[in-house]
Amino acid sequence: MALSSGPKATPRRIGVFGGAFDPPHNAHVALARSALEQLALDELRVIPTGQAWHKARALSAAEDRLAMARLAFGELPGAVVDDREIRRSGPSYTLDTLRELQKDHPGAQLLLILGADQVAALPSWHGWQEILGLAIVSLAQRPDPAKPGAEFDPATLPNLPAGARFARIELPAMDLSATGIRSQAGRGKDVSLLVPPAVARYIDLHH
C-alpha cells in the first residue's frame, strides 16, 4: 500500500521592498506594514539601494540611509533591513538582488513591492522580463482623489511575458515624498511629523 506523503508545505512568502530611503518616511513605513499584512508575508526584506542606476542625483551617504532605514523599520515585526545592495559594488540591479534572494531562500515565493510609477517603467529595467519570472510584482498605489478610477493596470505593459503574476496593495492616501522632505529639512523646517521619530532625531543630529 502506498503511503501518503501528506500535504505539501506552503512556501515561505518573502517581500522585497527596495528604495533609496533618502530619508525613509511615514508613507514608506505604512507601505511596509500594509505589505506584511495584506500579502501575508513571512518576512519583508527592506533593501536600501546602493548605486542607483536610474537616479540622476547623488544619494545621501549609504551609511546614513542604512542607519535611517534600520531606525524606521527596525521595530516593525517581520521586517528585516538588508544591506546587500549597499555592500555590492557597481550599479544596483533588482534582478541581481532577486537572484541572490532566490539562492539564499530556495523554494520561497518572492514578492517584489513597487509603486505604480515603477511598474509602468518596468520595461526600461535591466532584465525586467526575468524579474517577472522570479517574483510576483505587488503594485502599491495610493488613491488619488483627483483621479478616481485611474489606477495603473500592469496587464497593459508591452511584451509582457507569459506567466507574469501581479498582486495589489491597498494604501491610505498620504501625500509624502522623500524629495519634499529633503527640501524642507534643508531649509531648516521641522519634518518630525513626516518621518518616524527616530529618523527625525537622526536627521537633526547628522544634519
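Gly74 meets all of the listed conditions (1) closer than 24 Å to His207 by Cβ; (2) modelled with pLDDT of 95 or more; (3) out of contact with any Pro (no Cβ under 9 Å at 6 or more places or on another chain) but one, namely (2). Which of the residues that make up segment 67-84 are open to solvent by 20 Å² or more (accessible area, probe 1.4 Å) and part of a helix (DSSP H, G or I)? Within segment 67-84, Ala67, Arg70, Leu71, Arg84 meet the criteria.
Could you tell me whether Asp83 is free of Cβ contacts under 8 Å to residues at least 40 places away in the same chain and more than 28 Å from Pro11 (Cα to Cα)? Break it down stepwise before answering.
Numbers: free of Cβ contacts under 8 Å to residues at least 40 places away in the same chain: yes; more than 28 Å from Pro11 (Cα to Cα): no.
So Asp83 does not fit the description; no.
Quick check, is Leu112 assigned to a loop (DSSP other than H, G, I, E, B), touching a residue at least 12 places away in the same chain (Cβ under 8 Å) and touching a strand residue (DSSP E or B) at 6+ places or on another chain (Cβ under 7 Å)? When the stated conditions are applied, Leu112 does not pass them.
Entry remark, segment 89-105: residues being modelled with pLDDT of 90 or more, assigned to a loop (DSSP other than H, G, I, E, B) and surrounded by fewer than 17 Cβ atoms within 10 Å (Cβ to Cβ) number 1 in total. Across segment 42-58, which residue is modelled with the lowest pLDDT among those that are in contact with a strand residue (DSSP E or B) (Cβ under 6 Å, 6 or more places away or on another chain) and open to solvent by 20 Å² or more (accessible area, probe 1.4 Å)? Looking at the filtered set, the residue picked out is Trp53. Considering Ile136, Ile131, the condition of being under 23 Å from Ala35 (Cα atoms), touching a Ser or Thr at 6+ places or on another chain (Cβ under 9 Å) and either open to solvent by less than 40 Å² (accessible area, probe 1.4 Å) or not in a loop (DSSP other than H, G, I, E, B) (or both) is satisfied by Ile131 alone.
The values are calculated or read from the model by the stated rules, or taken from the named source; none is laboratory data. Computed from a predicted structure; not experimentally measured. Note that we place each Cβ from the backbone using ideal geometry, even for glycine, and neighbour counts take in every protein chain shown. Keep in mind that these areas ignore ligands, DNA and RNA; they rest on the heavy atoms of the full protein, side chains included. Shrake-Rupley method; radii C 1.70, N 1.55, O 1.52, S 1.80 Å.
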